[in-house]
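Just so you know, all these numbers are worked out from the coordinates, no wet-lab data involved. Since we're looking at a predicted model, the values are computed, not measured. Ideal geometry is used to build each Cβ from the backbone, glycine not excepted, and the neighbour counts take in all protein chains shown.
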Amino acid sequence: MQPRRLLEALLMAERLKDTTRHCYTSQGRHESVAEHSWMMTLMAFFLRDEFPEADMDKVIRMCIIHDLGEAFTGDIPAFDKTSEHEKTEETRLNTWVSALPAPYAAEMTALYEEMAQRQTLEAKIYKAIDGMEAVIQHNLSDLSTWIPLEYELNKTYANDKVAFSEYLTLLRREILRDTLQKINDQD
């Protein structure tokens, strides 16, 4: 990639550092989309031994790019996101991706399609990580930042996404254990 084009791509992606998510960090500030993606990527790095048959470098690439569309639309929590929101984000992201140099545009387009279809092991792992990271971060945030529906959502969110893997199902149970402990400690 030409140096100027690389800087332009990074400038767009940098928006995710200031695009906040609904969730808070353990220190009480809103988490950024970039921080969420980084934590997902770190999770993928640590999970590689659990999935020796998977291309974990591909999973890491999926984690890195999965929320780039939010640089254009902002973050909308899963429980508020509509199909219209998804369509707008996808359209704006596709426009940006298609303007990238051909090899990057082709790779990103292929990754986004694989992620959307969720048929490959790599896409399933990425999506499970995405859901679990959100729940983990909620467990790390102060309970006063939770909205009422999150008390139940944190108990079930991503269960369907981990069902394909015994290991991820066990990890999700541990995350649930942390959720229940957090809620019970409040009482």
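What is the dipole size for the chain, taken about its Cα centre, with +1 at each Lys and Arg Cβ and -1 at each Asp and Glu Cβ, in debye to the nearest 20?
Once rounded to the nearest 20, the dipole reads 240 debye.
Give, to the nearest whole percent, the P(r) tail of the chain beyond 31 angstrom, counting all Cα pairs.
Every Cα pair in the chain considered, those over 31 Å come to 18 percent.
Report, to the nearest 10°, how far helix 56-65 tilts away from the longest principal axis of the Cα atoms in the chain, using its own Cα long axis and a range of 0 to 90°.
80 degrees
Between the stretch 18-67 and the stretch 106-141, what is the C-alpha centre distance in whole Å?
9 Å
Find how many whole Å separate the alpha carbon centroid of the stretch 171-186 from the alpha carbon centroid of the stretch 83-102.
37 Å
Using a 10 Å cut-off around each Cβ, can you sort Met12, Met40 from fewest to most neighbouring Cβ atoms? Before the final figure, lay out each step's value.
Working: Met12 12, Met40 25.
Going from least to most buried by this count: Met12, Met40.
Tilt of helix 33-47 relative to the longest C-alpha principal axis of the chain, in degrees (0 to 90, nearest 10)?
Approximately 80 degrees, to the nearest 10.
Which whole-number percent gives the relative contact order of the chain, counting Cα pairs below 8 Å spaced six or more residues apart?
Working: 188 pairs, mean separation 42.7, N = 187.
The normalised contact order for the chain reaches 23 percent.
List the lysines whose alpha-carbon lies under 19 Å from that of Lys155, not counting same-chain residues fewer than 8 positions away?
Lys127, Lys182
Exposure proxy check: Cys23, Cys63 ranked by fewest other beta carbons within 10 Å?
Cys23, Cys63
Relative to the longest principal Cα axis of the chain, at what angle does helix 166-186 sit, 0 to 90 degrees, rounded to 10?
Computed tilt is about 50 degrees.
Quick one: if the Förster radius is 45 Å, what FRET efficiency do Thr109 and Leu180 give, using the C-beta to C-beta distance and rounding to 0.05?
Approximately 0.65, to the nearest 0.05.
Under 15 Å Cα to Cα from Lys124, which aspartates and glutamates show up? Leave out anything in the same chain fewer than 8 places away.
Correct list for Lys124: Glu50, Glu53, Asp55, Asp57, Glu113, Glu114, Glu133, Asp160, Glu166.
Sort His66, His22 by Cβ crowding within 10 Å, fewest neighbours at the top.
Fewest-to-most Cβ neighbours within 10 Å comes out as His22, His66.
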